[in-house]
Amino acid sequence: MKKLVPLFAILTTACGPATLDRDLKDIPGPTLYTQVSSVSDHDSFSFGFDWDRDSPCYRIPEDTRFTVNGDTFSLEERGESVLSFDGAFYCRKPSFKGPLRPASEARTEIVLSDGHSSKRAVFQELRAERRIRVNGQEQATVHAGAVIDIEWLPATDRLSKVDVSLEVAGPGQASGSREDLQVEGNPTQVEGNHIRYTLPQMRPGRYVVSVYGQGSAGVEACEGFISCTAELWKRVEVTVVVE
């Protein structure tokens with residue numbers, strides 16, 4: 001008696017994109033991606049490419065090398081076609097894993113090579129502490145109704161979206177117990193790493209300026225990739241005194 005092939009297996013084979021073994025130079029639209037704000041205990045980078053539902057997935061050579069400032073990262077995924085829980089296919093991108101880079105590292109140079117070609121990227125201040133200053137000071141004294149200059153650091157970050165909020169901060173108050181100060185109709189103006197914000201009319205006292213920033217870390221070099229992205233999302237705070 002002939003064995004019947006499960007219908008699921010037939011559909012998987014027939015409908016899923018092919019997985020092709022290719023050298024790095026033969027993979028279209030190469031990209032490099034990582035996350036600045038990851039809460040993981042390790043660094044992870046993924047190698048992407050042009051893809052739609054009619055395109056194949058790509059598997060990079062097994063001996064592909066990925067170094068970060070000379071340190072070798074391990075090959076976590078080579079890339080393959082995957083069926084998701086909702087029945088749709090997608091490409092699992094090649095990825096590399098290694099220890100977290102130090103916060104003091106100003107330049108993070110990545111080299112990706114398979115022996116036939118190589119690609120290179122340099123990120124700026126990838127793991128640096130994100131912080132803000134108001135009017136150039138760590139703890140500024142400001143005046144109600146004034147325009148303040150909120151400086152996002154490091155200055156190499158590229159902000160695409162910011163949200164500024166104010167909270168009343170009494171002596172010894174924890175963040176979870178602070179009183180929000182609602183400010184309506186007060187748009188922010190972003191120029192590079194500087195955010196202009198108009199304070200409302202408010203009583204004298206201590207306040208917390210909170211900035212939620214989205215964007216990416218700076219890119220010094222992106223060679224052989226069509227894009228190099230270190231995605232960033234972070235909330236940072238600083239205390240000011242209103243006179």
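Answer yes or no as to whether residue 147 is surrounded by 14 or more Cβ atoms within 10 Å (Cβ to Cβ) and either at pLDDT below 95 or of a type in the set (A, V, I, L, M, F, W, C) (or both). So residue 147 does not fit the description; no.
Taking the criterion of being open to solvent by 20 Å² or more (accessible area, probe 1.4 Å), part of a strand (DSSP E or B) and touching a helix residue (DSSP H, G or I) at 6+ places or on another chain (Cβ under 9 Å), would at least one residue in region 48-59 satisfy it? Yes, there is a match, as at least one residue in region 48-59 is open to solvent by 20 Å² or more (accessible area, probe 1.4 Å), part of a strand (DSSP E or B) and touching a helix residue (DSSP H, G or I) at 6+ places or on another chain (Cβ under 9 Å). Step by step: first the residues of region 87-117, then only those that are small (Gly, Ala, Ser) and touching a strand residue (DSSP E or B) at 6+ places or on another chain (Cβ under 6 Å), then the one that is most open to solvent (accessible area, probe 1.4 Å). Which residue is that? Among those that are small (Gly, Ala, Ser) and touching a strand residue (DSSP E or B) at 6+ places or on another chain (Cβ under 6 Å), it is 113. Cβ separations smaller than 6 Å between residues 6+ apart or across chains give the following pairs from region 227-243 residues that are more than 10 Å from residue 217 (Cα to Cα) and assigned to a strand (DSSP E or B) to residues that are of a type in the set (Val, Ile, Thr) and open to solvent by 60 Å² or more (accessible area, probe 1.4 Å): 241/141. Among the candidates 142, 122, the residue that is buried (at least 18 other Cβ atoms within 10 Å of the Cβ), in contact with a Ser or Thr (Cβ under 9 Å, 6 or more places away or on another chain) and not basic (Lys, Arg) is uniquely 122. Comparison of 219, 211, 190 shows that the only residue that is modelled with pLDDT of 95 or more, open to solvent by 20 Å² or more (accessible area, probe 1.4 Å) and of a type in the set (Val, Ile, Thr) is 219.
Can you find even one residue in region 172-187 that is part of a loop (DSSP other than H, G, I, E, B), over 18 Å from residue 242 (Cβ atoms) and modelled with pLDDT of 90 or more? Checked region 172-187: no residue is part of a loop (DSSP other than H, G, I, E, B), over 18 Å from residue 242 (Cβ atoms) and modelled with pLDDT of 90 or more. Restricting to region 71-103, give me the number of residues that are in a loop (DSSP other than H, G, I, E, B) and in contact (Cβ under 8 Å) with a residue 24 or more places away in the chain. Qualifying residue count for the region: 7.
The values are calculated or read from the model by the stated rules, or taken from the named source; none is laboratory data. Just so you know, these numbers come straight off a predicted model, no measurement behind them. Cβ coordinates were reconstructed from backbone atoms using ideal geometry, including for glycine residues, and neighbour counts include every protein chain displayed. Calculation scope for accessible area: heavy atoms of the full protein, side chains included, ligands and nucleic acids excluded. Shrake-Rupley method; radii C 1.70, N 1.55, O 1.52, S 1.80 Å.
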